[in-house]
1. Multiplying the sequence separation of residue 82 and residue 126 by 0.36 nm and subtracting their Cα-Cα distance, what value in nm do you get?
2. Please compute one quarter of the surface area of the Cα convex hull for region 1-83 and express it in square nanometres.
3. Given a Förster distance of 51 Å, report the FRET efficiency between residue 62 and residue 31 from their Cβ-Cβ distance, rounded to the nearest 0.05.
4. Per-residue counts of other Cβ atoms within 10 Å, averaged by peptide: what ranking do you get for 106-112, 158-164, highest first?
5. From Cα coordinates alone, what are the radius of gyration and Dmax values for region 1-149 in angstrom?
6. Please compute the modelled spin-label separation between residue 15 and residue 41, points set 7 Å along Cα→Cβ, answer in nm with one decimal.
7. Mind checking the full-extension length gain between residue 115 and residue 72? Use 0.36 nm per residue of separation minus the Cα-Cα distance, one decimal, nm.
């Protein structure tokens, strides 16, 4: 029994050893597979590690490049900012200078304006005083000249009027004396006919006619000089009105207003002498005188034939 048990134990041990050998083989296979897997995993891990390192290097390089670019951009931006700040500072300084210059120029312009205003006022006052002084001189000289002309023309008109009246008086006296002397001569002369009487009468009428023509010329010239004297008086009145305007508004009067005030002193119009030239000889008077002379001659001739 003991031997049988020993054989069985040996068989069991042998089987166990076989099983253990098989398990060892399996374990070796497993170890081999594990080693292979470990090597594969290690290779893979190294490959992935290299890839990761490469990617990390690339990322690091890209980050470094970006950082360099950013630093360059930041540097450029800082430089631009500094440049802009310097330009702004320069512009502020320039603006302050220009503002100071404008302020000084404005002050200078204001001073010049005040000086110009004062100078204009002084010049205006001086010009007004000069205008008043010159106008008074002009008005005085013009009035003195016009008064002298008015007096002279009035005197000449009076002289011509006296001359005309004297011519009329002389004509009347000559007519009366001619009639009286003709009658006395006719009665005292023996054999004198009416023709002799009418001859003396006609001679007296010629003298009377000449005296009448002279009287008419004298009265025409007297009228003309009187008309000019009155016109000069009107001019003097217009100048006195302008002088009154200057005395009243001289401080504020302008040149156009002064011209308007003195616009009517030189009164335009046809002179009385030009009218007198056309009216010196009256056609009606000359016609009547010629007819009277013809009738007197015809009467004298007819009476002479009868005698």
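1. Numbers: separation 44, 0.36 × 44 = 15.84 nm, distance 6.35 nm.
Fully extending the segment from residue 82 to residue 126 adds 9.5 nm.
2. 8.2 nm²
3. Values: r = 45 Å, r/R0 = 0.88.
After rounding, the FRET efficiency stands at 0.70.
4. Details: 106-112: 10.3, 158-164: 16.6.
Ranking, from highest mean packing down: 158-164, 106-112.
5. So, for region 1-149, Rg and Dmax equal 60.4, 203 Å respectively.
6. Calculated label separation equals 3.7 nm.
7. Details: separation 43, 0.36 × 43 = 15.48 nm, distance 6.22 nm.
Result for the pair: 9.3 nm of gain on full extension.
FYI, it's all coordinate maths here, none of it is from the lab. Keep in mind that what you see is a predicted model, and the values were worked out from it rather than measured. All Cβ positions, glycine included, derive from the backbone under ideal geometry; neighbour counts span all protein chains shown.
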